[in-house]
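Below is one structure, written out as structure tokens; the observations come after it.
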Amino acid sequence: MTAAAAGTCVLDIVLVVDTSGSIQENQPPGMDNVQLIKDFLGHLVGPPLQVGQYFDHVGMVTFESSARTLFDLDDRRTLDDVNRGINSMPVPHGETNTPDAINLALRVRSLTLFARH
């Protein structure tokens, strides 16, 4: 693939996703909140985004009692890679530590801020 066309804007998106135990509480009857989150994220990163080395980059941070980088902005080179990463989201457990997640997401973004070629 070639670089994005002149005049287009490439995006760096870091998804910050709550995977604490409360995600499984208060599920509507017959619904799976974890699957709802995965489906939503899959739609969010789908077209019109164009994931690729010279196009849009997607990373993902999950959090419960602590935050972790599920995948960095440079880890997933195709939309299929991103969707595989989303589907590898851990089983919800633990407490909710939103500040840790936001701080980690900012670090993930700043580490790749100047990494584009």
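Quick notes
- Scanning the stretch 18-42 for residues that are of a type in the set (A, V, I, L, M) and either surrounded by fewer than 19 Cβ atoms within 10 Å (Cβ to Cβ) or in contact with a Lys or Arg (Cβ under 8 Å, 6 or more places away or on another chain) (or both), we see that the one that is nearest to ASP72 (Cα to Cα) is ILE37.
Rundown of residues vs (1) surrounded by 12 or more Cβ atoms within 10 Å (Cβ to Cβ); (2) hydroxyl-bearing (Ser, Thr, Tyr), yes/no style:
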residue: LEU44; (1), (2): yes, no
residue: PRO47; (1), (2): no, no
residue: SER66; (1), (2): yes, yes
residue: ASP72; (1), (2): yes, no
residue: ARG77; (1), (2): yes, no
residue: VAL82; (1), (2): yes, no
residue: GLY85; (1), (2): yes, no
residue: VAL91; (1), (2): no, no
residue: ILE102; (1), (2): yes, no
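- If you go through the stretch 15-29 and keep only what is among the polar types (S, T, N, Q) and either in contact (Cβ under 8 Å) with a residue 40 or more places away in the chain or touching a Ser or Thr at 6+ places or on another chain (Cβ under 7 Å) (or both), you end up with THR19, SER20, SER22, GLN24.
Bear in mind that the values in this text are calculations on the coordinates, not laboratory data. What you see is a predicted model, and the numbers here were worked out from it, not measured in a lab. All Cβ positions, glycine included, derive from the backbone under ideal geometry; neighbour counts span all protein chains shown.
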